[in-house]
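See below for the structure under consideration.
The values are calculated or read from the model by the stated rules, or taken from the named source; none is laboratory data. What you see is a predicted model, and the numbers here were worked out from it, not measured in a lab. When we count neighbours, we look across all protein chains shown, and the Cβ atoms used for this are built from the backbone with ideal geometry, even at glycine.
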Amino acid sequence: MSQNHQNVKPPNSVTQLLAALVIVLAGVALGYQLIRPHEGPRPANRPTALGHDVPTTPRPPDTNAMVWIPGGTFWMGSEDGKPDERPVHQVMVDGFWMDKTEVTNEQFERFVRSTGYVTVAERKPDPRDFPDAPPENLVAGSVVFSPPPGEVSLENHYVWWKYLAGASWRHPEGPDSGIRGREKYPVVHVCWEDAAAYARWAGKRLPTEAEWEYAARGGLDRQPFIWGKDLVPNGKWQANIWQGRFPNDNTLADGFRGTAPVGTLPPNGYGLHDMGGNVWEWCSDWYRPDSYSNSPARNPSGPADSFDPNEPGMPKKVMRGGSYLCSDLYCTGYRPSARMKSSPDTGLSHTGFRCVWSPR
């Protein structure tokens with residue numbers, strides 16, 4: 001069975017999915033190769049809250065729910081992973097604070113109430129982006145994991161993702177769902193733009209890819225998992241991932257079908273929870289498969305631009321950590337060296353984030 005973790009990755013852009021809304025709204029699940037035309041990287045001060053910029057908190061953030069990650073040197077990447085995880089190279093990072101857990105629904109709700117922010121998934125698509133689409137099909141929504149019943153070919157990535165009108169962070173499985181009782185669950189359906197806006201408001205930022213991997217390893221250098229060498233030490237699952245045949249047979253051996261409340265599973269060596277599994281986490285870096293070939297040795301912040309040979313012309317940001325949909329038989333995105341990428345305007349039902357802060 002294939003272990004290409006990119007196959008369980010969601011569509012790279014919500015908006016081109018909207019170009020096919022006639023099909024989508026008829027109930028056909030669309031796959032991850034349907035992407036929108038993208039106007040390129042957007043400036044950091046782009047209005048994101050329907051007409052006003054999200055304010056930046058001028059004071060240092062409250063670090064009570066954060067963990068201090070001491071600076072140090074580690075080996076970034078893996079010789080046993082995907083080509084974009086090579087070459088393995090030594091990196092030094094300065095110390096920084098990192099959120100102990102992924103940002104939760106209740107935390108994100110406080111941000112929304114404070115700023116009036118409206119996520120990309122909640123905004124009606126601009127008709128100018130879809131001149132051929134009927135106006136009634138231009139509706140707000142997001143991409144939801146929704147596999148059909150029965151045997152599913154793992155070669156067809158389209159069948160387990162569906163653009164669903166009304167899906168958003170408030171309605172994770174669609175308009176009939178909600179987050180009441182899920183206050184401690186990681187917020188999902190947030191794109192990179194949404195995550196960056198939250199971070200600015202909180203007086204923090206998104207981690208660099210190097211910071212994220214260094215923190216995820218928790219002091220265990222060159223190990224395949226954030227907890228060590230064995231996938232299931234002493235028969236206990238250490239991450240919220242998929243057990244069974246993807247995408248329909250989940251044995252729930254780790255106790256969870258979907259996302260888990262943050263902090264449920266054991267922390268890594270630095271006291272960070274869910275650095276493997278649960279939800280993918282956005283990083284600040286632009287994605288390039290060759291970025292490790294000429295990366296700075298100290299505090300790398302990623303390349304100046306983005307390039308994905310699978311989708312040239314589509315700028316993408318890095319995601320890390322895997323999700324509850326990653327399987328040991330099919331997707332191994334929960335490995336600390338595993339890299340994923342998606343367009344900055346794409347929110348999904350298994351993607352969230354956490355923030356960092358540097359006292360410098």
Quick one: how many residues across segment 51-73 are closer than 20 Å to Asp221 by Cβ and within 23 Å of the chain's Cα centre (by Cα)? 3
Are any of the residues in segment 153-160 among the polar types (S, T, N, Q), free of Cβ contacts under 8 Å to residues at least 24 places away in the same chain and at negative phi? yes
Of the residues that sit in segment 68-93 and are in contact with an Asp or Glu (Cβ under 8 Å, 6 or more places away or on another chain) and among the hydrophobic types (A, V, I, L, M, F, W, C), which one is farthest from Thr208 (Cα to Cα)? Val88
Considering residues that are out of contact with any helix residue (DSSP H, G or I) (no Cβ under 9 Å at 6 or more places or on another chain), farther than 27 Å from Pro58 by Cα and either among the hydroxyl-bearing types (Ser, Thr, Tyr) or outside any helix (DSSP H, G or I) (or both), the number found within segment 173-213 is 8
Residue check, Gly77 against (1) of a type outside the set (A, V, I, L, M, F, W, C); (2) closer than 23 Å to Cys191 by Cβ; (3) crowded, with 19+ Cβ neighbours inside 10 Å, all met but one. Which one? (2)
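In segment 207-216, is there at least one residue being over 30 Å from Asp84 (Cα atoms) and either without any contact (Cβ under 8 Å) to a residue 40 or more places away in the chain or in contact with a strand residue (DSSP E or B) (Cβ under 6 Å, 6 or more places away or on another chain) (or both)? Reasoning before the result, please.
Going through segment 207-216, the residues over 30 Å from Asp84 (Cα atoms) turn out to be none.
Among the residues of segment 207-216, not one is over 30 Å from Asp84 (Cα atoms) and either without any contact (Cβ under 8 Å) to a residue 40 or more places away in the chain or in contact with a strand residue (DSSP E or B) (Cβ under 6 Å, 6 or more places away or on another chain) (or both), which makes the answer no.
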Among (1) within 20 Å of Lys162 (Cα to Cα); (2) crowded, with 23+ Cβ neighbours inside 10 Å, there is one condition Asp345 misses while meeting the rest; what is its number? (2)
Scope segment 311-321; condition without any contact (Cβ under 8 Å) to a residue 40 or more places away in the chain and more than 19 Å from the chain's Cα centre (by Cα); matching residues: Pro312
Failed criterion for Ile241 (all others in (1) surrounded by 24 or more Cβ atoms within 10 Å (Cβ to Cβ); (2) of a type in the set (A, V, I, L, M, F, W, C); (3) closer than 26 Å to Ser301 by Cβ hold): (3)
Provide a single number: the residues in segment 308-337 that are among the hydrophobic types (A, V, I, L, M, F, W, C), farther than 21 Å from Trp286 by Cβ and buried (at least 24 other Cβ atoms within 10 Å of the Cβ). 3
Regarding Gly321, is this residue in contact with a Leu (Cβ under 8 Å, 6 or more places away or on another chain), at pLDDT 95 or above and at positive phi? no
Going residue by residue through segment 258-266, is there one that turns out to be of a type outside the set (Gly, Ala, Ser), over 19 Å from the mean Cα position of the chain (by Cα), surrounded by fewer than 21 Cβ atoms within 10 Å (Cβ to Cβ) and at pLDDT below 95? no
Kindly list the number of the only condition in (1) modelled with pLDDT of 95 or more; (2) more than 20 Å from the chain's Cα centre (by Cα); (3) surrounded by 17 or more Cβ atoms within 10 Å (Cβ to Cβ) that fails for Arg110. (3)
Any residue in segment 88-103 that is within 20 Å of Val279 (Cβ to Cβ) sitting within a Cβ distance under 7 Å of a residue that is small (Gly, Ala, Ser)? List the pairs, counting only those 6 or more apart or interchain. Met98/Ala215; Asp99/Ala65; Lys100/Ala65; Lys100/Gly271; Thr101/Gly263; Glu102/Gly352; Val103/Gly352
Tally the residues that are at positive phi and either crowded, with 16+ Cβ neighbours inside 10 Å or assigned to a strand (DSSP E or B) (or both), restricting the search to segment 219-236. 1
Could you list, in sequence order, all residues of segment 159-171 that are over 20 Å from Ser343 (Cβ atoms), out of contact with any Pro (no Cβ under 8 Å at 6 or more places or on another chain) and in a loop (DSSP other than H, G, I, E, B)? Arg170
Residues to consider are Asp274, Asp230, Asp285, Asp290; find the one that is at pLDDT 95 or above, under 30 Å from Leu154 (Cβ atoms), in contact with a Leu (Cβ under 7 Å, 6 or more places away or on another chain) and charged (D, E, K, R). Asp274
Out of (1) surrounded by fewer than 24 Cβ atoms within 10 Å (Cβ to Cβ); (2) assigned to a loop (DSSP other than H, G, I, E, B); (3) under 15 Å from the mean Cα position of the chain (by Cα), the odd one out for Ser284 is which? (2)
Residues of segment 322-360 satisfying the condition of being under 28 Å from Pro60 (Cβ atoms), in a loop (DSSP other than H, G, I, E, B) and within 8 Å of the chain's Cα centre (by Cα): Phe353
Can you find a residue that is closer than 17 Å to Gly77 by Cα, in contact (Cβ under 8 Å) with a residue 24 or more places away in the chain and of a type in the set (Gly, Ala, Ser) anywhere in segment 268-276? yes
